[in-house]
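A short write-up of the structure that comes next.
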């Protein structure tokens, strides 16, 4: 049995790149082989990003007066309710949503997609690509599955043909940025195609919003979901944003307090519930994750107020160096659906000749203090397609390095040096 890893040394001194929001743990020290401590190189941001300092401050400020929301007359409850509803307003603005769009707080993107799946009108057909993350691939009942497109134009044509052949309600499901390759999908063009066929579109924006601004109104999107834990707000909240009619017409995602407007018992003892007409209350039964919503809003507010330009430039500089360095190491192959020149966010997946993905990840952690992700990243069909391997999960996989606000040039150089060293051993 493997022994537990030695505890890491926590950091209280966040270090920020100029113009880029600071994250907690930027100088976290971790043990490596031989007992030495090195500063942790966190290149696993696509799984869960670290907490922004501003997010931590917002949660700390809310805790002393924390209370339950919506039906309390006490001062703390009133204040917490105001903060919670302000968080909803902030997230709506961050996403560029329409004034009447519902903003439903969920646990994460997976939870949001499952909520929407429960709210689809009867007979709705969902068109979804096999390249989706499992969060937006698996929740639907009646689907038309589309294979991995060879080019962005192929995705548009495939969606066009599929939607044209469907009668009744229809929903197109697509990611904004791949969690495997970082490649950006032609969301605006796909939304136009959906509209032309009288369909709606749901966009998984979990990997987009930590890297690029989003504007639901400008893109003419119907539904969008993303997660706080990928947006530097790891407090257990996500969000579903979109048109309220389907959400208002469906039964509540969870049945309980908050979702109900009135509950009665008839003469036979049967319980009858009248559900809230407000889609946000209807689908947020129970005591909500107030601190998660406050954290998510704080992340949105920080990225908006700081401005996207410094973060994007920081990311593109590091991503260019990372991809160029990987290409120069013999035996390392980057995975890509649409080729090396297609626009992407700071996510790179690759394989190393002579090494399994798990071996690479373990060596990077144990010997160099580098954190990456390995496996199939909850996108088994896509990774299998990119690897040319349709085997079960675990039969093979890739290594994923992902860049965030806390990533430095030294982290990237350390990874490239480590990979060159690993390749030289075999």
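Computed from the coordinates by the stated procedures, all read-outs in this text should not be read as laboratory data. Owing to the predicted nature of the structure, the values given are computational and were not obtained by experimental measurement. Note that each Cβ is placed from the backbone with ideal geometry, even for glycine, and that neighbours are counted across all protein chains shown.
Packing-wise, with mean Cβ within 10 Å as the measure, how do 220-230, 403-413 rank, highest first?
So the order, starting with the most tightly packed, is 220-230, 403-413.
Applying a 10 Å radius around every beta-carbon, put 127-135, 266-274 in order of their mean neighbour count, most first.
Order by mean packing, descending: 127-135, 266-274.
Which order do peptides 152-159, 45-52 fall in by mean Cβ count within 10 Å, highest first? Intermediate values should be presented prior to the final figure.
Values: 152-159: 17.9, 45-52: 23.1.
The densest-packed peptide leads the list: 45-52, 152-159.
Can you sort 275, 140 by how many other beta carbons sit within 10 Å, fewest first? All intermediate terms of the calculation are to be shown ahead of the outcome.
Values: 275 19, 140 22.
Starting with the residue having the fewest Cβ neighbours, the order is 275, 140.
Distance from the Cα centre of the stretch 131-154 to that of the stretch 45-60, in angstrom?
31
Sort the stretch 54-305 into rounded, prolate or oblate with this rule: let a ≥ b ≥ c be the square roots of the eigenvalues of the Cα gyration tensor; rounded if a/c is under 1.5, and if a/c is not under 1.5, prolate when a/b is larger than b/c, oblate otherwise.
Oblate is the answer for the stretch 54-305, as a/c is 1.5 or above yet b/c matches or exceeds a/b.
Please determine, in degrees from 0 to 90 and to the nearest 10, the orientation of helix 290-306 with respect to the longest principal axis defined by the Cα atoms of the chain, where the helix direction is its Cα long axis.
Compared with the principal axis, the helix lies near 60 degrees.
What is the angle, in °, between the Cα long axis of helix 75-94 and the longest principal axis of the Cα atoms in the chain? Nearest 10 is fine, range 0 to 90.
Compared with the principal axis, the helix lies near 60 degrees.
Give the angle, between 0 and 90 degrees and rounded to the nearest 10, that separates the Cα long axis of helix 308-327 from the longest principal axis of the Cα atoms of the chain.
40
Using alpha carbon centroids, what distance separates the stretch 276-301 and the stretch 193-254, in Å?
Using only Cα atoms, the two centres lie 14 Å from each other.
Return the label of the correct value of mean projected area of the Cα convex hull in nm², as calculated from the structure shown, out of (1) 24.0; (2) 25.0; (3) 27.9.
(1)
Once you have the Cα-Cα distance between residue 65 and residue 321, take 0.36 nm times their residue separation minus that, and quote the gain in nm to one decimal.
Difference between extended and current length: 87.6 nm.
Considering Cα pairs under 8 angstrom that are at least six residues apart, work out the relative contact order of the chain and quote it in whole percent.
Contact order relative to length: 22 percent.
Between residue 341 and residue 312, what is the label-point separation in nm under the 7 Å Cα-to-beta-carbon projection?
In this crude spin-label approximation the distance works out to 2.1 nm.
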